[in-house]
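Bear in mind that the values in this text are calculations on the coordinates, not laboratory data. Small disclaimer: the values here were computed from a predicted structure and weren't measured. Don't worry about glycine lacking a Cβ; one is built from the backbone with ideal geometry, like all the others, and counts go over all protein chains shown.
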Amino acid sequence: MSSNPTEDPLVGRLIDGRYEVRSRIARGGMATVYLATDLRLDRRVAIKVMHPHLADDEQFKERFIQEARSAARLAHPNVVNVFDQGQEAETAYLVMEYLPGITLRDLLQEYGRLTPEQMLDISEAVLSGLAAAHRAGIVHRDLKPENVMLADDGRIKIGDFGLARAVSANTATGQALLGTIAYLSPELVTRGVADTRSDIYAVGIMMYEMLAGEQPFKGEQPMQIAYQHANDNVPPPSDVVADVPVELDELVLWATAREPEARPRDARSLLEQLTDARRIVVPDATQPTPTVAMNGTSSYQPTRVLHPALGTGELNQGATQVLAPSRRGTGPIDGATDDHSEVDGEEEPRKKRRGPLVALILALVVLLGVGGAATWYFLAGPGSYVTAPDVTGQSVEAATAAIQDAGFTVGDTTTEPNLQLEAGLVIRTSPGPDDPLAPETPIDLVVSSGPQLIDIPEFVGQPEAQAVETLGAFTQQEGTIEFNADIDEGSVIRALGVNAAGEAIELVAGEQYGEQQPYTLVVSAGAVPDVSGETADSARAILSEAGLEYREGERRYNNDVGEGRVINWSAQVDEGQPVVPGTVIVANVSDGPQPVQIPDVVGENVDEAVAALEAEGLKVAYSDPGPFGAFATVTEISPGAGEEARVGDTITLRWSLTG
């Protein structure tokens with residue numbers, strides 16, 4: 001969101017007697033970033049200032065301080081430097097390195113998707129900075145394109161460590177789910193737990209987005225996207241862009257594996273593999289081409305030439321080793337030196353006769369050894385190993401049959417809660433699928449006992465902060481606002497969760513919901529402002545301030561509401577639907593009292609004339625004839641008969657006695 005910088009009260013201000021604020025760079029949900037001059041060191045810096053309305057929130061203050069501490073522990077060319085942190089009055093701020101340029105999000109919005117070479121360049125820089133963080137024991141927890149800075153001079157840096165935490169402090173705490181939903185790992189969504197592999201998942205999603213030009217999971221509600229992260233595998237980018245190299249597909253799939261154990265253990269592991277992949281995707285004629293393996297190591301080893309006649313060097317991959325012939329094959333069999341090579345005439349034939357016999361014995365020994373080794377290899381060794389079947393999601397009966405059909409036995413069966421699988425279905429096995437196992441190996445089953453459900457406490461009508469504390473066993477997501485005349489402003493109307501099928505459900509006190517599962521609070525904005533009797537301009541201003549849209553409906557005559565004022569109003573929503581910010585309020589406006597034509601009552605009895613005028617909604621001014629009313633006749637009215645008047649206007653009447 002942008003606005004005129006001169007309207008910002010901080011522009012032109014001197015913070016802490018040192019930092020002169022020059023202009024506003026960007027504004028987010030937690031803070032505003034300004035360009036400033038460090039007068040002490042005479043350099044341009046970026047100052048991140050926490051929003052004033054968050055000054056009393058200790059949690060936000062702590063995150064501000066945490067960002068400074070986390071970034072200060074890192075000194076790396078791919079991490080935005082934090083120089084200073086402080087507070088002046090109610091203004092909490094961070095002083096950071098100023099990087100003129102754009103974010104990766106800006107780049108993706110402009111170009112849609114990037115080339116494999118561009119993706120590799122950016123990912124390499126991101127992983128280098130992230131590897132430094134992981135080495136320092138820091139998990140970023142909020143990696144996304146908005147936090148990847150692309151400087152004008154070509155530097156690429158990671159910023160915004162506001163959600164970073166030490167690796168030793170990654171267990172779920174019942175607090176709000178942190179990070180941006182599109183880049184959250186499955187374990188963060190389901191358990192609120194983050195480690196270095198959660199950062200790797202976010203990098204994998206960014207790699208997918210750079211290659212495919214879109215995010216892998218989409219949904220109208222954040223809960224729908226979160227459910228896909230927790231339950232679906234990220235597809236290869238080549239499903240969207242056919243010419244993505246297979247090596248980059250494999251990198252993305254490795255980084256975004258649903259199980260943390262199947263991903264690279266940290267940024268350094270993924271960086272090494274990305275470097276190997278680059279040699280294939282962007283081959284350098286001066287370097288041998290490696291073979292990339294997605295197990296965290298490279299199979300590339302340059303082939304050595306060991307033949308003395310050819311020298312020692314490196315050949316292209318695929319060349320075979322050329323070994324030097326053994327010098328023992330040209331010397332005496334008994335190992336004597338060259339000084340004893342001359343022997344008697346009978347000694348030489350004896351050695352010649354012994355040679356074939358020794359060779360035969362050696363051949364038999366080798367043959368028996370090879371045969372025995374082969375027998376062991378294929379009957380009891382690795383050659384006999386086969387992989388266990390994947391029985392995840394199957395019933396115990398079906399899983400048992402599949403395991404036994406594959407030549408294994410079923411070991412122990414244990415249960416544990418699981419929100420994604422119904423009771424009685426297999427969650428995982430140990431050893432797991434694809435592990436090479438010997439025949440008859442027992443395979444243990446871990447079976448779902450259904451979700452771990454927790455009683456939902458009473459929270460409706462509580463102030464938002466209190467409701468969040470009340471629902472601390474669950475994971476809060478960004479809430480919504482509705483207008484409600486029955487619930488005080490700022491208090492909770494209801495909460496929405498999601499079931500195992502990804503469908504939205506309403507949380508009801510006394511019922512049960514899964515521990516650490518996401519929920520969204522619907523908070524009251526109070527009653528819709530009543531603009532009845534207000535002028536049209538005043539009603540428009542009142543509704544706009546409340547976040548509602550004013551629209552004029554019908555103009556009607558109204559004897560009770562003045563011209564130009566609102567008679568009544570209604571919200572344009574379907575029956576039973578709530579009024580939310582942005583809803584159109586239709587107001588009917590008065591055109592004033594209804595016009596009437598003055599009846600001709602001249603010559604009529606005064607009492608009858610007064611009754612006729614009042615029947616038209618007119619008021620009558622006249623002198624009361626008292627007991628002579630029956631003899632009083634109207635002689636004149638003003639305004640005159642046939643003229644137009646408005647309901648409520650006064651008609652003056654004169655009379656005289658007759659007869």
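Here residue 619 is the anchor, and the aspartates and glutamates within straight C-alpha reach of less than 13 Å, apart from those fewer than 8 places off in the same chain, are 649.
Which shape class applies to segment 102-281: rounded if a/c is under 1.5, otherwise prolate when a/b exceeds b/c and oblate if not, where a ≥ b ≥ c are the square roots of the Cα gyration tensor eigenvalues? Rounded, because the longest to shortest axis ratio a/c is under 1.5. Ranked by the mean number of other Cβ atoms within 10 Å per residue, highest first, peptides 230-237, 552-559 order as 230-237, 552-559. What GluC sites (Glu not before Pro) does segment 215-250 have in DSSP loop regions with at most 12 other beta carbons within 10 Å? Passing sites in segment 215-250 are 220. Relative to one another, the C-alpha centroids of segment 475-510 and segment 195-213 are positioned 31 Å apart. Straight-line reach from residue 157: taking Cα to Cα under 17 Å and skipping same-chain neighbours fewer than 8 places apart, the aspartates and glutamates in range are 67, 97, 106, 121, 124, 142, 146, 199. For segment 595-657, the relative contact order is 46 percent, taking Cα pairs closer than 8 Å that sit 6 or more residues apart in sequence and dividing their mean separation by the residue count.
What relative contact order, as a whole-number percentage, does segment 387-448 give when Cα pairs under 8 Å and 6 or more residues apart are counted? If you can, show how the numbers build up before the last one.
Numbers: 120 pairs, mean separation 29.0, N = 62.
Computed over segment 387-448, the figure is 47 percent.
Taking 7 Å steps out from each Cα toward its Cβ at residue 506 and residue 535 produces label points 4.2 nm apart. Distance from the alpha carbon centroid of segment 565-593 to that of segment 71-132 works out to 47 angstrom. Once the Cα-Cα distance is subtracted from the 0.36 nm per residue extended length, the residue 221 to residue 118 segment shows a gain of 34.0 nm. Multiplying the residue separation of residue 551 and residue 410 by 0.36 nm and subtracting their alpha-carbon distance yields 43.8 nm.
Listed by chain and number, the aspartates and glutamates placed with their C-alpha closer than 16 angstrom to that of residue 61 are 84, 88, 90, 160; residues fewer than eight positions away on the same chain are left out. Label separation (residue 430 vs residue 624): 10.2 nm, computed from points 7 Å beyond Cα along the C-beta direction. The GluC sites (Glu not before Pro) found in segment 479-522 that occupy coil by DSSP, while having at most 14 further C-beta atoms within 10 Å, are 489, 503, 511.
To the nearest 0.05, how large is the calculated FRET efficiency for residue 110 and residue 395 if R₀ is 56 Å and r is the Cβ-Cβ distance?
Values: r = 51 Å, r/R0 = 0.91.
Once rounded, the FRET efficiency stands at 0.65.
Under the convention that each Lys and Arg Cβ holds +1 and each Asp and Glu Cβ holds -1, the size of the dipole of segment 192-235 around its Cα centre is about 40 debye.
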